[in-house]
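Report on the following structure.
The values are calculated or read from the model by the stated rules, or taken from the named source; none is laboratory data. Note that the structure is a prediction, hence the values are computed from the model and not measured. Note: ideal-geometry Cβ built from the backbone for every residue, glycine included; neighbour counts use all protein chains shown. We work out accessible area using only protein heavy atoms, side chains counted, and drop any ligands, DNA or RNA first. Shrake-Rupley method; radii C 1.70, N 1.55, O 1.52, S 1.80 Å.
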Amino acid sequence: EAGVFKTTYAADMALFPLPIARKAIAVISVLLVVVLPLACGEYELSQLNLIFIAVVGALGLNILVGYTGQISIGHGAFMSVGAYMAANLAVRLGLPFWVTLPAGGLMAALIGAIVGVPSLRIKGLYLAITTLAAQLIIEWTINHVPFISGGTQVSIPVPKPALLGFRFETQRELYFLLLFSAGVATVATLNLVRSR
């Protein structure tokens, strides 16, 4: 930061205020958008796709644990609630991807509120135990209610997502969708933690 002088409030509050940060983001963006999709095969891209999904979950966990100081052990359970909701809406009702994705997020938020509202007055170890109990209850429910998951060790064959008439069939096409989603989530998180 030495030698970089900011003369306006907007410059001080910029998302990437240092020139080296802007250059690093530009290089990483070219690497992610141009180099990796051309250099990687389907298997490597499928692994990167799973990483992008985990990035979105990790950003949410970082906000909860890192910035607010709340201890949550049940974060994966709330992600699975959203995933199963979206999958069931797509398979059972045939709803499009752009409807099922926000609906899954809303269902996860609803279940999080159901667990969170009674836990408002507790913190520390007791909050961790509450989220652990939620994790175990949600996992048991998903595994033992066939209407939700089809039963233990069963996967739901979800149709490929389609957006504006374009169907994301290959791992490469899904890569760009998930890269965009992880990028939006990252920028939203950066803006959130810089806000009041």
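Counting only protein heavy atoms and a 1.4 Å probe, region 1-72 has 69 square angstrom of accessible area per residue.
Taking 7 Å steps out from each Cα toward its Cβ at residue 194 and residue 133 produces label points 4.1 nm apart. Each Cα pair under 8 Å and six or more residues apart adds its sequence gap; the mean of these over the residue count of region 137-196 is a relative contact order of 12 percent. Taking only protein heavy atoms and a 1.4 Å probe, the accessible area of region 14-165 is 75% carbon and sulfur. Projecting the Cα positions of 62, 176, 29 onto the charge dipole of the chain (unit charges on Cβ atoms of Lys, Arg, Asp and Glu, taken about the Cα centre) puts 62 furthest along the positive direction.
Subtracting the Cα-Cα distance of residue 50 and residue 62 from 0.36 nm times their residue separation leaves 2.5 nm of extension gain.
Based on DSSP loop calls and a cut-off of at most 12 other Cβ atoms within 10 Å, the longest stretch of the chain free of exposed GluC sites (Glu not before Pro) is what? The reported range is 2-168. When nucleic acids and ligands are ignored and a 1.4 Å probe is applied, residue 84 ends up with an accessible area of around 60 Å². In a simple Cβ point-charge model (Lys, Arg +1; Asp, Glu -1; nothing else charged), region 97-196 has a dipole of about 380 debye relative to its Cα centre.
Between residue 27 and residue 5, the contour length at 0.36 nm per residue exceeds the Cα-Cα span by 5.6 nm. A Förster distance of 22 Å, applied to the separation of the beta-carbon atoms of residue 92 and residue 114, puts the FRET efficiency at 0.50.
Averaged per residue, region 124-167 has 71 square angstrom of accessible surface, using a 1.4 angstrom probe with ligands and nucleic acids left out.
Summarising the label geometry, the points placed 7 Å from Cα in the beta-carbon direction at residue 123 and residue 167 lie 5.2 nm from one another.
As a length-normalised measure over Cα pairs under 8 Å and 6 or more apart, the relative contact order of the chain settles at 28 percent. Only helices reaching 20 angstrom along their own axis (Cα) with mean Kyte-Doolittle hydropathy no lower than 0.0 count here, and for the DSSP H runs of the chain these are 42-61, 75-92, 97-116, 125-144, 171-194.
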